[in-house]
Amino acid sequence: MNGRDESSAAEPRRFGRRAALASAGAAAAAVALNPGSAFAASDEGGLLLGLWRREKGLAIAYGQQVHTQPELFGPARRHANDHAAAIATALAAVGLGTPKPPWTTNDLDVAAHRLATSRPADVLANAVLVEEDMVDVYKGALPALPDAKIVMTAATILASHAQHLFVLRRAAQVT
Amino acid sequence: MVTRRALLGAGTLLLVGCGPPDEPEVNAANVWGEQLRASQAALAAYPSISLRSAAAKRVRQLESQAGATGTVPTATRSLQTALEAERVALQTHVAAVGLLEDRASRELLASLIAGTAEAVSALRAELGEPPIVDAFPGQRNRP
């Protein structure tokens, strides 16, 4: 289940007027990618695609901020990529290919975008928010995944996000 | 020439051959009993620390689901024993997700998995170990 650690360090950072305009698009995209809708997808493939996009987006967001908390965000980014790789395997199992990944922060869902574009003072709090979001997404996904092997993989990913949430809360001193 | 009897026989064979594969039937009560015992074993291993109350809450959730408490396991109380027992409980809950398909069961298991995974990290931190060691906690034969 190990995936590649796709470093996003080389990815362009574009936070100008264009980015502001695009963030409106990101917000619209988030309607399709937020926790509610990720598990609202009626079919297994659609649900898995939503989860895959969330993990890839999270990996990009952590990559953008890895310099601020390398010991926390480095493993978190690597694990998000590992999760995406495992979900890609599940997508193949249901007969779907892996879509084109998000490339810049403008392609991300709201929570990941907020983390990717955080000021240093807010970065830990926003990382906590995004992991809370991921825990909710997977809690919502488990009842909707019919395949036993796929749902067990999703369960281990839920466990992973719960652990990252614990570590981030502790670092942010949030209870 | 193919007789009607032969065709009927062939149809019967087809029906037998195309039936669902023999899968062991899942006994939900047994699965919940296993979850309860795993979480009780973890709770029994906790020393008197604040993390214990969350473990007790998980046991209470399972007691109402499992319907019976059975024999409560005993254990040597230590952080290390609690960590090992919570790791086993996490693996048990993840395995159960693959066995129980109804929404209510999956929702309860999701809550237990998130809480138990957090407990594993918290216990590791208490022991001075790295709180996260794997991208897929709860898989069998993984840390």
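The values are calculated or read from the model by the stated rules, or taken from the named source; none is laboratory data. Values in this document were obtained by computation on a predicted structure and should not be read as measured data. All Cβ positions, glycine included, derive from the backbone under ideal geometry; neighbour counts span all protein chains shown.
Rundown of residues vs (1) in a loop (DSSP other than H, G, I, E, B); (2) at pLDDT 95 or above; (3) closer than 22 Å to B:Ala44 by Cα, yes/no style:
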residue	(1), (2), (3)
B:Arg60	no, no, yes
B:Thr69	yes, no, yes
B:Ala82	no, yes, yes
B:Leu100	yes, yes, no
B:Leu108	no, yes, yes
B:Ser111	no, yes, yes
B:Ala117	no, yes, yes
B:Val120	no, yes, yes
B:Ile132	yes, yes, no
Revision key, fill the gap. B:Phe136 passes all but one of the listed conditions (1) farther than 14 Å from B:Ser39 by Cα; (2) buried (at least 20 other Cβ atoms within 10 Å of the Cβ); (3) more than 7 Å from every other protein chain (Cβ to nearest Cβ); the exception is number (3)
Check your understanding: Of all residues in segment A:56-98, which are more than 18 Å from B:Ile132 (Cα to Cα), touching a residue at least 12 places away in the same chain (Cβ under 8 Å) and not hydrophobic (A, V, I, L, M, F, W, C)?
Key -> A:Lys56, A:Gly57, A:Gly63, A:Gln64, A:Gln65, A:Thr68, A:Thr89, A:Gly95, A:Thr98
Review point. Got a sec? Which of A:His113, A:His164 is out of contact with any strand residue (DSSP E or B) (no Cβ under 9 Å at 6 or more places or on another chain), at the interface with chain B (Cβ under 10 Å from one of its Cβ atoms), closer than 15 Å to A:Ala61 by Cα and not acidic (Asp, Glu)?
Key: A:His164
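Would you pick out the residues in segment B:84-98 that are closer than 23 Å to B:Ser48 by Cα and either buried (at least 24 other Cβ atoms within 10 Å of the Cβ) or of a type outside the set (D, E, K, R) (or both)? Write out each step before concluding.
So the first thing to find is which residues in segment B:84-98 are closer than 23 Å to B:Ser48 by Cα, and the list is B:84-90.
If the condition is that a residue be closer than 23 Å to B:Ser48 by Cα and either buried (at least 24 other Cβ atoms within 10 Å of the Cβ) or of a type outside the set (D, E, K, R) (or both), then B:Ala85, B:Glu86, B:Val88, B:Ala89, B:Leu90 are the ones that fit.
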**Study point:** Condition check for B:Val120: within 11 Å of the chain's Cα centre (by Cα), at the interface with another protein chain (Cβ under 9 Å from one of its Cβ atoms) and within 21 Å of A:Ala76 (Cβ to Cβ)
**Key:** no
Study note, to complete from the structure: Checked pairs for segment A:153-175, first farther than 16 Å from A:Gly140 by Cβ, second of a type in the set (S, T, N, Q) and part of a helix (DSSP H, G or I), C-beta under 7 Å and 6 or more apart or across chains, list as A:Gln163/B:Ser121; A:Phe166/B:Ser121; A:Val167/B:Ser121
